[in-house]
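Just below is one structure, and these are the notes that go with it.
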Amino acid sequence: MGDPDRPLRLLLLNGIDIESGDLYDDIGARLRARGLDVDVLHETPAPLPEGTEPPWDVAVTNYRREDVATHARVVFGGTPQPRPTTLGWLEDAGVATMDWATASSRRDVWRLFGRWDVDRLILKPSFTFGGDGVCVFGRRSVPRMQWNPELDVICREVDPNDGDVYKVELMAGSVLIGWMSEAPPIRDRFADRRGHGIPGAYGERSLWDPPEAVAQPLREMNARLAEEGYGHMSVDLMRTSDGDFVAIELNNFSVAIWWTRQFEDFRERYADAIHRLVLGAPVGAA
């Protein structure tokens, strides 16, 4: 792959979280120790003029891969996708998901209350992060609702008595880490059945080992997506009242790693995954 007389040139781009700068520098050092020629940037470079030779063989970014498309022959990263698309990826991979639907009209929304026999629903807009724009609502709020019928999803609470979120971080077809974030149920946060902003990483975090029945289809899905140029991603899950895990969302870009200060051994696994991506990248064919 590439010129055998020189080390592979890798750009590691931290495009979203300047506070993670020292962590990316540490991962860059780990990759240099494996023989790669690594540059770490903490600001997205301007696009290069058409026809310019890319300065790097491979780029790995935690943000949009199109932002650095002119800078490397092969780029791994994310691409903004609407929630129906990413939930479809999970379902196509055989991963159980929460009850969700798109709604083309207010009548469709009202029907969901009856279909799921509930008094409140959750609106999750696409292209939002950290709970921004998430809305818990009851029947009376439907006439005032604003949403995109094609891009936004309406879902049922997974377990009204449990708000804990379980995360699986993936890259290069492997689980990097699993962790659980404690959170109260929605009714405790929104007693009047209305509210905005449900934090995605709420409360105390602890390591969590996902069951193989959960991890295997996620690994296989992530490996397929890596072949399409996707890099670090995370899948959020919750437990049903029966104890089963269901996925509630997939984040394929803008997955920060600031929490590696708490889970330090993640850094070596992250470096391992990047190394595998780079060694398998079709640089010579690019």
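Quick one: is Val175 modelled with pLDDT of 95 or more, assigned by TED's automatic domain parsing to the domain that holds Ser206 and either more than 23 Å from the chain's Cα centre (by Cα) or surrounded by 14 or more Cβ atoms within 10 Å (Cβ to Cβ) (or both)?
Criteria met by Val175.
Mind listing just one residue for me: the one in the stretch 146-159 that is surrounded by fewer than 19 Cβ atoms within 10 Å (Cβ to Cβ) and without any contact (Cβ under 8 Å) to a residue 40 or more places away in the chain and, of those, farthest from the chain's Cα centre (by Cα)?
Step by step, filter the stretch 146-159, then rank; the result is Gln146.
Restricting to the stretch 32-48, give me the number of residues that are in contact with a strand residue (DSSP E or B) (Cβ under 6 Å, 6 or more places away or on another chain) and either under 17 Å from Val75 (Cα atoms) or among the acidic types (Asp, Glu) (or both).
6
Among the residues of the stretch 97-133, count how many are farther than 13 Å from Gln146 by Cα and in a helix (DSSP H, G or I).
Residues meeting the conditions: 9.
Small (Gly, Ala, Ser), in contact with a strand residue (DSSP E or B) (Cβ under 6 Å, 6 or more places away or on another chain) and part of a loop (DSSP other than H, G, I, E, B): which single residue out of Gly51, Gly15 fits that description?
One residue alone meets the criteria, Gly15.
For the stretch 255-275, check the following and say yes or no: at least one residue is closer than 14 Å to Val175 by Cα and in contact with a Phe, Trp or Tyr (Cβ under 6 Å, 6 or more places away or on another chain).
No.
The values are calculated or read from the model by the stated rules, or taken from the named source; none is laboratory data. Given the structure is predicted, the values throughout are model-derived calculations rather than measurements. Neighbour counts run over all protein chains shown; Cβ positions are idealised from the backbone, glycine included.
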